[in-house]
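*Asks:* The structure is given below, and queries will be raised subsequently.
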Amino acid sequence: MERPLGFIPTMGALHTGHLRLVRTARADCQRVLSSIFVNPLQFGASEDFERYPRQMEEDIDVLKRSGVDVLFTPDAESMFPPDFSTFVDVGSIATSFEGAARPNHFRGVATIVMKLLGIVAPDALYLGQKDAQQTAVVRKLVRDLNVPVSIRIVGTVRESDGLAFSSRNVYLNEEDRCAAPSLYRALQEVHAKLLNGHPREAALQGGRVALSPHAALEYMELVDGDTFRVLPEMRPPAFIIGAARFGNTRLIDNIWISQ
Ligand code: AMP
């Protein structure tokens, strides 16, 4: 059944991945609303909040052409006035992997998503599988707090060499850009080995070998698709997740194993 209002939250610097979310919502919903807000709450003190790519004019143009009906671009002062003091904490799922590497990141994500859902009151929320742990955090938040919205997860859009589109890809220099697709290749290697019946550790080792020596691996793991707890063996639904640094740029990617 067609849903009345679909919502796509973004931080702007739009790319082909964002546009797949818009197209999916466009096909499902009567009205499509997108937001652009670079959320200060989800960046750590040493992270790239200040230099995060911002290109509002271009983004507005792209969204208009892609059939978004309403664009919401709040400013930081109105979202987080000086007396703002309420935060959403989803518990242990927010403390592993991305949550461990970026303390308070998911508290920032959960809080802004809750605020945006309160303001927009959509029927359907569109999220990218690219940010796998974020999708699990938001699904948990919606379930735990009985938020009346359905969630649709949209598959990751990639460059022809496999690199997932990301607003942060603009930070990659030539050498980093050449090495960056090896993150996805490494995850594919893990997947192939698991499918061939290799035990988890052997599969992960295969992935580590497939990663470019130019990359600094932060983690590569097989995790439960809902809880993000490490799985000792392949048991769908699951994600193979990875994070690595290419030069100064930290990239994440994943493969979803539904069955
Ligand atoms: P961001 O602007 O990075 O906060 O992303 C906004 C939404 O787009 C999130 O739900 C992301 O998961 C999603 N997204 C980001 N990159 C991709 C991609 N390559 N393919 C599909 N969705 C994506």
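The values are calculated or read from the model by the stated rules, or taken from the named source; none is laboratory data. Bear in mind that the values here come from a model prediction, so they are computed numbers and not experimental data. Glycine gets a Cβ as well: all are built from the backbone with ideal geometry, and neighbour counts include every protein chain shown. Note: accessible area is taken over every heavy atom of the protein model, side chains too, but ligands, DNA and RNA are not part of it. Shrake-Rupley method; radii C 1.70, N 1.55, O 1.52, S 1.80 Å.
*Asks:* List, largest first, the extents of the alpha carbons of region 110-259 along their principal axes, each in whole Å.
*Replies:* 46, 37, 23
*Asks:* Computed FRET efficiency, Cβ-Cβ of Arg51 and Arg152, R0 30 Å: what is it to the nearest 0.05?
*Replies:* 0.45
*Asks:* Mind pulling the angle between the C-alpha long axis of helix 182-195 and the longest principal axis of the chain? Nearest 10 degrees, somewhere in 0 to 90.
*Replies:* The angle comes out at about 70 degrees.
*Asks:* OK, next. Apply 1/(1 + (r/R0)^6) to the Cβ-Cβ distance of Arg143 and Val230, taking R0 = 25 Å, and write down the FRET efficiency to the nearest 0.05.
*Replies:* So the FRET efficiency works out to roughly 0.70.
*Asks:* Another question, if that's okay. Using the Karplus equation 6.51 cos²θ - 1.76 cosθ + 1.60 (θ = phi - 60°), what ³J(HN,Hα) coupling, rounded to whole Hz, does each residue of region 233-238 give in order, writing x for Gly and Pro?
*Replies:* 8, 4, 8, x, x, 8
*Asks:* In square nanometres, what is the average projected area of the Cα convex hull of region 171-259?
*Replies:* Convex hull of Cα atoms, orientation-averaged projection: 5.4 nm².
*Asks:* Counting only pairs 8 or more residues apart or on different chains, how many lysine pairs in the chain have their Cα atoms under 26 Å apart? Working shown, then result.
*Replies:* Details: Lys64/Lys115; Lys64/Lys130; Lys115/Lys130; Lys115/Lys140; Lys130/Lys140; Lys130/Lys193.
Taking the Cα cut-off of 26 Å, the pair count is 6.
*Asks:* Taking the chain as the reference, fit the longest principal axis to its C-alpha atoms, fit the long axis of helix 56-65 to the helix C-alpha atoms, and give the angle between the two in degrees, 0 to 90, nearest 10.
*Replies:* The angle comes out at about 90 degrees.
*Asks:* So what's the convex hull volume per residue for the Cα atoms of region 1-127, in Å³?
*Replies:* Value for region 1-127: 122 Å³ per residue.
*Asks:* Taking one equal scatterer on every alpha-carbon of the chain, how large is log10 of I(q)/I(0) by Debye at q = 0.14, 0.17 1/Å?
*Replies:* The Debye formula, applied to the Cα set alone, gives -1.01, -1.47.
*Asks:* I would also like to ask the following. How large is the accessible surface per residue of region 163-247, computed with a 1.4 Å probe and reported in Å² as a whole number?
*Replies:* Per residue, region 163-247 has an accessible area of 46 Å².
*Asks:* A further question follows. Can you pull the percent of the chain's accessible area that's carbon plus sulfur, 1.4 Å probe, other chains left in place?
*Replies:* Ligands and nucleic acids excluded, carbon and sulfur reach 50 percent.
*Asks:* Please express the Cα-Cα pair-distance distribution P(r) of region 91-152 as a list of whole percents, one per 10 Å bin, running from 0 to the bin with the greatest distance.
*Replies:* Values per bin, smallest distances first: 22, 57, 20, 1.
*Asks:* Looking at the chain as a GNM with Cα springs under 10 Å, which of Asp89, Asp176, Asp161 has the largest mean-square fluctuation?
*Replies:* With Cα springs under 10 Å in the chain, the top fluctuation among Asp89, Asp176, Asp161 is at Asp161.
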